[in-house]
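> I'd like to ask some things about the structure below.
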Amino acid sequence: FAIAGYSLGTPVAVRAATRHSDRVTALVLTSGFAHPNPRFAHVLRLWRDLLREGEVERLAAFLPLLCLSVPALESLTEEELAASVKAGAATTPPGTLQQVELATDDVDVRGELADIRVPTLVISTTLDQLVTPSHHRELADAIPGARFAELATGHLPFAERPGEWAALIREFFDSL
């Protein structure tokens, strides 16, 4: 089976591909990272601390600045942005704190990237201010034979450019 890993799902997909190489046939890695660089780790610690302090409203107000591209964010009206922030605060899923703690403290698959032996597509969200394109490039450069595609979105390609994102994935699978 093929695995599509998005954001924190990228190191999960890498682990699955290296630990179960007899079962994984391909990887698509979007907005991903192998290990948080110091800037991203700083953001994750802030995110973690806001969650620990129960500051979900402040976190919901902060995250659009990192998760949406500047063009997408600037296209929102004040009312749309306020509604988005309110919805984000009201719908923080259970387990979010544990997910952020995992990304902050325990993720490092850099040593496994060279062991990936399946066709891999790395999709770089070029306007991503959360997991920046340098993370995406690190993945592609370290995975033997990885293909690299760029999509001009922030961290949420499925919200900003879903059709283009899906087309990149379809084209990759069609080429296998």
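The values are calculated or read from the model by the stated rules, or taken from the named source; none is laboratory data. What you see is a predicted model, and the numbers here were worked out from it, not measured in a lab. So basically every Cβ, Gly included, is an ideal-geometry build from the backbone, and we count neighbours across all protein chains shown. With ligands, DNA and RNA removed, areas are computed over all heavy atoms of the protein, side chains included. Shrake-Rupley method; radii C 1.70, N 1.55, O 1.52, S 1.80 Å.
Every residue, every condition in (1) closer than 30 Å to Leu113 by Cβ; (2) free of Cβ contacts under 8 Å to residues at least 24 places away in the same chain, yes or no:
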| site | (1), (2) |
| --- | --- |
| Ala13 | yes, yes |
| Ser21 | yes, no |
| Thr25 | yes, no |
| Pro38 | yes, yes |
| Glu55 | no, yes |
| Ala60 | no, no |
| Leu65 | yes, no |
| Leu68 | yes, no |
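> Let me ask something else. Looking at (1) within 24 Å of Glu164 (Cα to Cα); (2) surrounded by fewer than 19 Cβ atoms within 10 Å (Cβ to Cβ); (3) not β-branched (Val, Ile, Thr), which one does Leu121 not meet, given that it meets all the others?
The single condition Leu121 does not satisfy is (2).
> Tell me, which residue of the range 1-39 that is aromatic (Phe, Trp, Tyr) and within 19 Å of Pro157 (Cα to Cα) is surrounded by the fewest Cβ atoms within 10 Å (Cβ to Cβ)?
Tyr6
> Would you check if there is a residue in the range 97-114 being assigned to a loop (DSSP other than H, G, I, E, B), open to solvent by less than 10 Å² (accessible area, probe 1.4 Å) and farther than 22 Å from Cys67 by Cβ?
Among the residues of the range 97-114, at least one is assigned to a loop (DSSP other than H, G, I, E, B), open to solvent by less than 10 Å² (accessible area, probe 1.4 Å) and farther than 22 Å from Cys67 by Cβ, which makes the answer yes.
> Open to solvent by 50 Å² or more (accessible area, probe 1.4 Å), modelled with pLDDT of 95 or more and either more than 30 Å from Val24 (Cα to Cα) or not in a helix (DSSP H, G or I) (or both): which single residue out of Arg137, Arg58 fits that description?
From the options Arg137, Arg58, the qualifying one is Arg58.
> Next up: Checking the structure you have, find out if any residue of the range 68-90 is open to solvent by 20 Å² or more (accessible area, probe 1.4 Å), at positive phi and not hydroxyl-bearing (Ser, Thr, Tyr).
So far as the range 68-90 goes, no, none of its residues is open to solvent by 20 Å² or more (accessible area, probe 1.4 Å), at positive phi and not hydroxyl-bearing (Ser, Thr, Tyr).
> Output the residues belonging to the range 135-167 that are under 16 Å from the mean Cα position of the chain (by Cα) and of a type in the set (A, V, I, L, M).
If the condition is that a residue be under 16 Å from the mean Cα position of the chain (by Cα) and of a type in the set (A, V, I, L, M), then Leu139, Ala140, Ala149, Leu151, Ala152, Leu156, Ala159, Ala166 are the ones that fit.
> Mind listing whichever residues of the range 103-134 are at pLDDT below 95 and more than 14 Å from the chain's Cα centre (by Cα)?
Listed by number, the residues that qualify are Asp105, Asp106.
> Turning to a different aspect of this structure: Do any residues in the range 80-98 that are more than 12 Å from Ala61 (Cβ to Cβ) have Cβ atoms under 8 Å from those of residues that are surrounded by fewer than 16 Cβ atoms within 10 Å (Cβ to Cβ) and modelled with pLDDT of 95 or more, where the two are at least six apart or on different chains, and which pairs are they?
If the second residue must be surrounded by fewer than 16 Cβ atoms within 10 Å (Cβ to Cβ) and modelled with pLDDT of 95 or more, the pairs left are Leu97/Arg52.
> Considering only residues of the range 40-53 that are touching a residue at least 40 places away in the same chain (Cβ under 8 Å) and surrounded by 13 or more Cβ atoms within 10 Å (Cβ to Cβ), which is farthest from Thr104 (Cα to Cα)?
Among those residues, the one meeting the criterion is Leu51.
> Tell me whether the range 131-140 contains one or more residues that are within 20 Å of Pro11 (Cα to Cα), in contact with an Asp or Glu (Cβ under 9 Å, 6 or more places away or on another chain), touching a residue at least 24 places away in the same chain (Cβ under 8 Å) and not charged (D, E, K, R).
yes
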